[in-house]
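The values are calculated or read from the model by the stated rules, or taken from the named source; none is laboratory data. These figures come from a predicted structure and were not determined experimentally. A quick note on method: Cβ atoms are made from the backbone with ideal geometry, for glycine too, and the neighbour counts reach across all protein chains shown. Note: areas computed on protein heavy atoms with side chains; ligands, DNA, RNA excluded. Shrake-Rupley method; radii C 1.70, N 1.55, O 1.52, S 1.80 Å.
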Amino acid sequence: MSSHTFPLTETSTTDQAGSYTASGCWEQAYAEHGVDPEDLHITPLRQQQASPLGLSFYAPPQLQRQLQSSPYSPRHLLDAMLRELGQRSEDTGRRKVLCLYWHLPHDLLDDAEVTEFMYFVGRRYPLGDNPEVDYCVGFSGNDLQPGRLALFKGLGFNHLQLVWDGQQSGPQTDLPTVNGEALLTRASAYCQQFHFRHFSLRLEHPLPHLERTLRAMETAGMRLPERIVVTPDSSAGFERFSEQFRALRQLQYRVLGNDCFVRSASPLANAQAEHHLTLNTEGYNHLGVHDVVGLGPGNRSSLGHLRQLNPATLTDYLRLQPRLLFAPLPNARLKAFIDSLLCYHSADLKYLQDRYQLNLETILQRWREQEQTPGELFSINNSQIHLTECGILRLATLCKQALNPGTDS
Amino acid sequence: MSDTNATCAKPVQRCHHNPLVSCGDCRLNAICLPISLHVEDIDKLDQIIQRGRPLQKGEYLYRSNDQFTSVFAVRSGTIKAVNITNDGEEQVTGFYLPGEILGMDGIAQNHYTNSAIALETSAICEIPFSRLEELSLRLPSLQRHFFQLMSKEITADQQLITLLSKNSADERIAALLLSISARNQNRHLSATSFRLPMSRSDIGNYLGLTIETVSRVFSRFQKKELLAVDKKEINILDMDGLKNVAQAQPASRS
């Protein structure tokens, strides 16, 4: 199994016992399948496609500490990322970028460095001056400052994602210590103030009283996050996971996978209803963005079925050590089935058989063996399989069994 | 800008309208592009700067949709940026004081999105952007300073948008006065006594207020002894009081 860590995205799962989130199961399968030992080199990944692209910018949260105890400075990191930007854009620079994902910790680059980086991104890729793009910047509690928000808004980011990592604002800022609920309401207010088109919440740690806070915000006429992403680290037991699932459904959130909750009438909910959702390594989108180029140490790129992982340590990244190429999954055709279940909680078995030569009967039989009562997890009608709520809650187990038929949940 | 009540840190070496003033001699080099450059590198910057005749009041520096070629530094005078709305109305989008860089709105789309007009006789340094880029590759400190200016411009623009979208007339005008005060202070001029280079009409247009509202607010501020106003001359009497009215940090380009 690969020992490299993936950036935390809504599609990452862990191998921990009791991880119930399903959306990252396909990418997790890559991690478990491992690195292709024949292919340890920098692969150009020449792509001639014209389909839209996502760009992801990431560094591990602990990178600032690594920098402090190294002979390097943030300038070195920035220069390395600009070099990588130059390399990557040679092959993919003509593709329109409809999604951006900023996962870099905010204490790494100052405002001028962020501006410089985005300036050169704009020179290398056609960034959209178009309200339909989804350019997302993540902020945790310590980082949520008006000046920084203003900068990112001005740089074209239109999606504010609050990342709740359990860290309260503390002495590093001038703000008093705040809890998660207060942070959520503050983020909502900033979204309105700076006219961010999209607002989402990513839970990397349990947020107590989330449902109560959302109800209070709704009553007060405040803006609710249109998307709430639950990561494995934030689900404290299956009972709590189920409880939160049902509570968010009652608050009129629809669910994608079983860990991404979206407001009715939001773009993702509409895309689900109209069957044009796309799931990539960064999560769900309604813009048809399958491929993502990931810049930064420890970041991952996905182009078609190819997966690359950047060196995770600062030193290796700065020294341009080769990216790792993951071996393609042997059962790649299953992705169509998995994606259909994650996006729509249903799948057309006959279509999958005709189009992909997928005979899923073995998988379905294994699933039936798990049911305590028939129809508990799914039903099949006219070759359409539909998951029940119980099946959706157990989707991570079902997908894992589909991908690894020889293992138990 | 009136120097009657100004406090200068160093004497002016030459007339700042004189196009022959080099970056090394310019009194604004402490805040303009040459900041943090070594003495020998200032000459390299100087070689790419173009200094034409001063602009007269009402004259265009550039027009919206003109091809982007240069950014500009204001050496003296005041420039206003305007945008023409879909209805054909002129919308003031910013004021640029000496030492400030304008024209950066053209970088992303290769044409200027605003027009720039002189509010009074103004001396401008033109910096051809392609040459600035070339020079920046050789002078990292210049590139760094340029992106610092750009980030401040971007941040200030967004903060102004939020200011305009929710604040009262008093808060908006107080924020503008504090912004001009801070920018003057950065140029080692008086933070409390200065001349407003723009008209009440331009102020109203910029802040989304009528000219009558602007005049009423100024009168109100005078009655509250926050400031003394004599036509375009402003004397801030109660800085803390004015800051209280503004409530938030003013958007500052400096």
Subset of the range B:181-198, residues part of a helix (DSSP H, G or I) and surrounded by fewer than 21 Cβ atoms within 10 Å (Cβ to Cβ), comes to B:A182, B:Q185, B:N186
How many residues does the range B:217-232 contain that are open to solvent by 60 Å² or more (accessible area, probe 1.4 Å), under 17 Å from B:A175 (Cβ atoms) and not in a loop (DSSP other than H, G, I, E, B)? 1
List every residue pair whose Cβ atoms lie under 8 Å apart, where the two residues are 6 or more positions apart in sequence or sit on different chains, the first residue falls within the range B:169-181 and is without any contact (Cβ under 8 Å) to a residue 40 or more places away in the chain, and the second residue, located anywhere, is assigned to a helix (DSSP H, G or I) and open to solvent by 10 Å² or more (accessible area, probe 1.4 Å). B:R172/B:L163; B:R172/B:L164
Tell me which residues, restricted to the range B:155-169, are over 15 Å from B:Q91 (Cβ atoms), of a type in the set (A, V, I, L, M) and within 9 Å of another protein chain (Cβ to nearest Cβ). B:A156
Return the residues of the range B:41-69 that are open to solvent by less than 30 Å² (accessible area, probe 1.4 Å) and under 29 Å from B:S141 (Cα atoms); say none if nothing qualifies. B:D41, B:I42, B:L45, B:I48, B:I49, B:Y62, B:F68
Residue set B:A118, B:A81; condition more than 25 Å from A:L127 (Cβ to Cβ) and of a type in the set (G, A, S); output residue B:A118
Would you pick out the residues in the range A:102-126 that are among the hydroxyl-bearing types (S, T, Y) and more than 9 Å from chain B (Cβ to nearest Cβ)? A:Y125
Among the residues of the range A:363-384, are any among the acidic types (D, E) and within 27 Å of the chain's Cα centre (by Cα)? no
By residue number, the members of the range A:187-205 that are of a type in the set (A, V, I, L, M, F, W, C), within 15 Å of A:C136 (Cβ to Cβ) and either open to solvent by 10 Å² or more (accessible area, probe 1.4 Å) or assigned to a helix (DSSP H, G or I) (or both) are A:A187, A:C191, A:F194
Residue match in the range B:37-60 (condition: under 19 Å from B:E153 (Cα atoms) and more than 14 Å from every other protein chain (Cβ to nearest Cβ)): no
Only strands (runs of 3 or more DSSP E) wholly contained in the range A:301-396 count here; list those with 1 or more residues that are under 30 Å from A:L77 (Cα atoms) and hydrophobic (A, V, I, L, M, F, W, C). A:306-309
Answer yes or no as to whether A:R223 is touching a Cys at 6+ places or on another chain (Cβ under 8 Å) and surrounded by fewer than 19 Cβ atoms within 10 Å (Cβ to Cβ). yes
With criteria (1) within 9 Å of another protein chain (Cβ to nearest Cβ); (2) at pLDDT below 90, A:N142 comes up short on (1)
Which condition number does A:F326 fail, the rest of (1) within 26 Å of the chain's Cα centre (by Cα); (2) among the aromatic types (F, W, Y); (3) at pLDDT 90 or above; (4) closer than 22 Å to A:Q401 by Cα being met? (3)
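Okay, residues lined up against (1) in a loop (DSSP other than H, G, I, E, B); (2) free of Cβ contacts under 8 Å to residues at least 24 places away in the same chain; (3) surrounded by 21 or more Cβ atoms within 10 Å (Cβ to Cβ):
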site	(1), (2), (3)
A:M81	no, no, yes
A:E84	no, no, no
A:R94	yes, no, no
A:Y101	no, no, yes
A:P105	yes, no, no
A:T115	no, no, yes
A:F120	no, no, no
A:N130	yes, yes, no
A:Y135	no, no, yes
